[in-house]
Amino acid sequence: MDLREVMGAILTFSMFVMLGNMIKRDHFDGDVLLDVPATSNVGQDTTMARHSLAQLPNEESTNSAQHLKLCFNGSSLRKAQSKGYVTFSLTDGPEYHISQVANAVLVAKHLGATLVLPDIIGSEGEKRGFEEIYDAERFMSSMSGVVQVERRNHPDSFMQRLVSVKVPYNANPGYIMTHVDPLFRATRNVRVITYFPSVTMQAGRVDKDMSPYSCWATFEALRLKPELQEVVNSIVGRLKSHGPDRQFVAVDYKGEMLGTSTCRSNANKGMKNCYNPVEIAQFFQRIGYPQYSTIYVTQSEPGHSLRSLKDLYPNTLTKEDIMQEAEKGGLLKSKLEQELIDFHLCSVSDVFVPAKSGLFYANVVGNRIASGKTDILVPAQITSNLAQDHVSSYISKRSHPAYACFCQ
């Protein structure tokens, strides 16, 4: 391991500790979460008062996006003989899947165990096979040299010996040795359930030691199965064809995720924990987005709540608008597939605008950093009409965990 790898491991520790807090915070936090503080000095040209879609004065603009290279080469990691099995499930939406895979790989690597290919349990409780959503061959080949991976083909006696254990995200070796290893030694078969500890619970539980494996699993393991990836690519093409500049903005706004609660604000810091369609529309106007801009919103159906955005930007589209009938009744008929579509469209759009802080935002940003798509804007409560003053602090401060995983 060279100096860059050592520094990457040290930096990744602090970043992953922050990631563990992301779903616990109420506001877009300038140092951890997804907002821009009242002033975001990112050292960029401030002479342009207005910008068309994705034309930010940013060296890392999507117009010249380049995939970054992971500091750690998984194929060079030593493979040990398996001592047992680690199983786990991918639960809730795709933003959770990334963290669950990373944690299970970390635990399996530390225990010297074989990782069993997970099943998938959707946010509505629906059960799916891994191969129904993700590319199983890619997953298994990407883990070669990191951990052994097997498919679920074990007899019932295997399941009878299964012991479930809750493991904090990015658990340190000491925690694993104390809380997981004894169960593993007794049964040779543990089921890892990942949770995100609060700040007060992190001491002695999370650490940096195995973060290289977390980095590798986060950015190399999960890929959509080819049929589903083709659908994503097709929808991206349709969105780009709607505007003369062949670009689109993805806005992660779901009315149901906000419920009836009011978005709380911190006027002193110029930020809120969420933004509604009226505020998003006003934000786009303020920074000079053209009326013809194509805007994809993750809300399932157009609905009354999007009227203010559609009135100002008629080319505002939802899944209901853009999906073909065959897709609605086929590959994308379940909520899980629709969540995956949203996640990947937000990851590849020319510009991404989050309406709410949380793990979805955090892991979308991670994907965008990995692919060099760093045009990410937050409609912070500041009066500036310069797009670069609204760049996510994940980018302007390089505070996202992904930065510690990649070597420039």
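The values are calculated or read from the model by the stated rules, or taken from the named source; none is laboratory data. In this text the structure is predicted, and so the values were computed from the model without any measurement. Because the Cβ atoms are built from the backbone with ideal geometry, glycine has one as well, and the counts that use them run over all protein chains shown.
Of all residues in the range 195-222, those satisfying the criterion of being assigned to a helix (DSSP H, G or I) and either at pLDDT 60 or above or at positive phi (or both) are Ser211, Pro212, Tyr213, Ser214, Cys215, Trp216, Ala217, Thr218, Phe219, Glu220. Filtered by the rule that a residue be within 17 Å of Pro244 (Cα to Cα) and crowded, with 17+ Cβ neighbours inside 10 Å, the range 289-311 gives Tyr289, Ser293, Thr294, Ile295, Tyr296.
For the range 346-380, filtered to residues that are among the hydroxyl-bearing types (Ser, Thr, Tyr) and under 13 Å from the mean Cα position of the chain (by Cα), the residue that is modelled with the highest pLDDT is Ser347. One residue stands out in the range 381-397 among those that are at pLDDT 90 or above and assigned to a loop (DSSP other than H, G, I, E, B): the one that is farthest from Ile287 (Cα to Cα), namely Lys397.
Restricting to the range 236-251, and then to whatever is part of a helix (DSSP H, G or I) and farther than 11 Å from Val348 by Cα, can you tell me which residue is farthest from the chain's Cα centre (by Cα)? Selected residue: Ser241.
Residues of the range 277-292 that are in contact with a strand residue (DSSP E or B) (Cβ under 8 Å, 6 or more places away or on another chain) and at positive phi: none at all.
The helices (runs of 4 or more DSSP H) found wholly in the range 85-194 and carrying at least 2 residues that are farther than 23 Å from Phe219 by Cβ occupy 156-160, 181-187.
Exactly one residue out of Leu336, Leu332, Leu340, Leu309 is modelled with pLDDT under 90 and not in a loop (DSSP other than H, G, I, E, B), and it is Leu336. Restricting the range 343-368 to residues that are in contact with a Phe, Trp or Tyr (Cβ under 8 Å, 6 or more places away or on another chain) and part of a loop (DSSP other than H, G, I, E, B) leaves a set whose member that is surrounded by the most Cβ atoms within 10 Å (Cβ to Cβ) is Ser349.
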